[in-house]
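First up is the structure itself, then whatever we jot down about it.
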Amino acid sequence: MPPFFRHPASLEHDTGFGHPERADRIRAVEAELESRDWLGWQPVEAPAATEEQLLRIHPREYVERVREFSERSQPFDMDTPTSAGSYEAALRAAGGACALVESLLSGGEHTGFSCLRPPGHHAETATAMGFCLFANVAVAARHALDALGAERILVLDWDVHHGNGTNALFHDSSELLFASIHRFPFWPGTGALSDVGEGEGEGYSINLPVPAATGEAAFLSLVEHVVAPAARQYRPDLILISAGYDAHCADPLGGLALDTSSYGGMSSRVRALGDELGAPVGAVLEGGYDLSALASSVAETMAALADGAVRPEVARHPLAEQAAEVLGRYWEL
Ligand SMILES: [Zn+2]
């Protein structure tokens, strides 16, 4: 049974009235899954991240600052408020992602989902921003590399926003191949196609910007014609999805045009890729602010990750051609 990491602490991170990143997101997902018998997955309480896990990515003073801000319910910025429960919620969100990679790399499970909040892909080493406190996926990736024997990790970030935090934290590293499909230009402003990483990490940032209103045809092609061939050459031991659902057509913030089934299409392809490479695939929740679209799309992702049905090939999209022109220096696409 694939594990579904969760924790009631996710409901105690109170972002205030009208904030899109709210506790109801988790309630909506869990209500949907409960009504479908958790799709045969096993709900598991996420542990709190340990100090050792957090300190591989965040300086001690920053971890302390998150705790203090939370105690005082002090916001980091307009987008990123805290409440008394935020620190514990953030510890569990990072801890769930770490427990997920432990479960995947111990050889037991080939897929799993860490479904907690706050999200993490905008948090940088000592900066909370964009609703994110700790860099959950980066913390989990570092844990996999430093403590669990992984040597190469592929992160696919399909949240509508560029995962600036994860990208920055591994910008000069070849230990993590960061691939992100995101609306551009758009908040947070980073993630141009020309940003391919630096130093040892040059070529290991695959930034795939897409314009407003982009839909499934482009996303599936970018996965199939850019991310998958690069991954076959990279040969990751582990694949993590930064699974945001704000590129869904119903999302109030995203302005893109994916459907619920698009997440199944992407998930199946990633799962098939993982099977081919012998790499387990874990998903970690990021954004997604339409409750019904979020709930159905998470379920769609889980069903496809567990099932791994082979999908028909899609047509090569012009955006994949454009990406190949720039990234073809590093990967045979
Ligand atoms: Zn987002």
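Of all residues in the stretch 289-310, one or more are more than 16 Å from the ligand (Cβ to nearest atom), surrounded by fewer than 22 Cβ atoms within 10 Å (Cβ to Cβ), of a type in the set (A, V, I, L, M) and part of a loop (DSSP other than H, G, I, E, B).
One line per residue, one yes/no per condition, for (1) within 15 Å of the ligand (Cβ to nearest atom); (2) part of a helix (DSSP H, G or I); (3) open to solvent by 10 Å² or more (accessible area, probe 1.4 Å):
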{"site": "Ile206", "(1), (2), (3)": "no, no, no"}
{"site": "Ala213", "(1), (2), (3)": "no, no, yes"}
{"site": "Phe219", "(1), (2), (3)": "yes, yes, no"}
{"site": "His225", "(1), (2), (3)": "no, yes, yes"}
{"site": "Ala230", "(1), (2), (3)": "no, yes, no"}
{"site": "Gln233", "(1), (2), (3)": "no, yes, yes"}
{"site": "Ile239", "(1), (2), (3)": "no, no, no"}
{"site": "Ser262", "(1), (2), (3)": "no, yes, no"}
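Residues that are open to solvent by 60 Å² or more (accessible area, probe 1.4 Å), within 16 Å of the ligand (Cβ to nearest atom) and either part of a loop (DSSP other than H, G, I, E, B) or in contact (Cβ under 8 Å) with a residue 24 or more places away in the chain (or both) are absent from the stretch 42-58 altogether. Counting only residues that are away from the ligand (no atom under 16 Å from the Cβ) and out of contact with any helix residue (DSSP H, G or I) (no Cβ under 7 Å at 6 or more places or on another chain), the stretch 111-137 holds 1 of them. Would you confirm, using the coordinates I've provided, whether Ala126 is open to solvent by less than 50 Å² (accessible area, probe 1.4 Å) and farther than 20 Å from Thr301 by Cβ? Taking the combined requirement at face value, the residue satisfies it. Suppose we keep only residues that are more than 12 Å from the ligand (Cβ to nearest atom) and touching a residue at least 60 places away in the same chain (Cβ under 8 Å) within the stretch 158-180. Which one would you say is surrounded by the most Cβ atoms within 10 Å (Cβ to Cβ)? So, considering only residues that are more than 12 Å from the ligand (Cβ to nearest atom) and touching a residue at least 60 places away in the same chain (Cβ under 8 Å), the one surrounded by the most Cβ atoms within 10 Å (Cβ to Cβ) is Thr166.
The values are calculated or read from the model by the stated rules, or taken from the named source; none is laboratory data. Only a predicted model underlies this, so the values are computations on that prediction, with no experimental measurement involved. So basically every Cβ, Gly included, is an ideal-geometry build from the backbone, and we count neighbours across all protein chains shown. These accessible areas exclude ligands, DNA and RNA; they are computed on the full protein's heavy atoms, side chains included. Shrake-Rupley method; radii C 1.70, N 1.55, O 1.52, S 1.80 Å.
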